[in-house]
């Protein structure tokens with residue numbers, strides 16, 4: 001319960017900060033960047049990023065390889081000059097989880113992600129293309145990243161760009177417009193501060209609804225936030 005409370009309060013603080021990060025989905029030809037060449041797959045095989053694991057000063061990714069000849073693939077990866085080490089973590093009939101320790105500084109895409117404060121949310125590789133989902137702190141950083149890739153002869157094709165904090169441009173954690181308006185006003189007015197910076201009656205006066213309606217709207221907003229963040233995240237664990 002304490003863990004959930006901390007996560008909810010983090011969401012509230014994010015609303016209060018009114019962050020304007022931007023999420024972009026890209027397609028990149030497999031042969032145009034280092035990782036795509038290292039993790040080359042054929043036929044119906046695919047590669048999927050599982051997570052990034054900090055090890056000392058390095059960040060070692062975990063990848064799933066699906067529907068591929070495991071021994072041949074791992075041997076091919078280990079022979080690449082940019083790879084320090086790769087090892088199997090879990091082996092199943094149709095997929096294998098492995099670590100990849102490689103020099104990301106030689107990869108123009110990953111160097112650009114780090115240089116312009118990007119976050120790698122997901123990555124899926126197929127024989128011809130890779131699909132990335134990246135988060136940047138603002139549109140300027142995203143623009144700088146794409147310019148960097150183009151200057152290094154890496155063609156990145158944006159398939160979707162949106163601000164997660166703009167309800168008309170992307171997901172909004174299941175909140176309706178009235179719920180979003182109410183909880184944002186509550187946060188900005190200090191309702192969740194200690195001590196409280198306002199009352200539900202003051203919020204009601206600003207919203208033009210009753211005190212009871214404000215309480216109910218905030219309750220529903222919190223349920224929506226928890227359902228679309230904590231509950232949905234735990235269901236995938």
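Count of segment 30-54 residues, restricted to those that are assigned to a strand (DSSP E or B) and either modelled with pLDDT under 85 or surrounded by fewer than 12 Cβ atoms within 10 Å (Cβ to Cβ) (or both), is 5. Residues considered: 151, 76. Of these, the only one that is modelled with pLDDT of 90 or more, within 21 Å of residue 29 (Cα to Cα) and over 22 Å from the mean Cα position of the chain (by Cα) is 151.
Conditions (1) touching a helix residue (DSSP H, G or I) at 6+ places or on another chain (Cβ under 7 Å); (2) at pLDDT 90 or above, marked per residue:
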site	(1), (2)
178	yes, no
189	yes, yes
198	no, yes
214	yes, no
218	yes, yes
221	yes, no
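For residue 134, the criteria (1) within 19 Å of residue 32 (Cα to Cα); (2) surrounded by fewer than 17 Cβ atoms within 10 Å (Cβ to Cβ); (3) touching a helix residue (DSSP H, G or I) at 6+ places or on another chain (Cβ under 7 Å) hold in every case but one, which is (2). For residue 157, the test of being assigned by TED's automatic domain parsing to the domain that holds residue 84, modelled with pLDDT under 90 and surrounded by fewer than 19 Cβ atoms within 10 Å (Cβ to Cβ) is passed.
The values are calculated or read from the model by the stated rules, or taken from the named source; none is laboratory data. Just so you know, these numbers come straight off a predicted model, no measurement behind them. Every residue, glycine among them, receives a Cβ derived from its backbone with ideal geometry; neighbour counts consider all protein chains shown.
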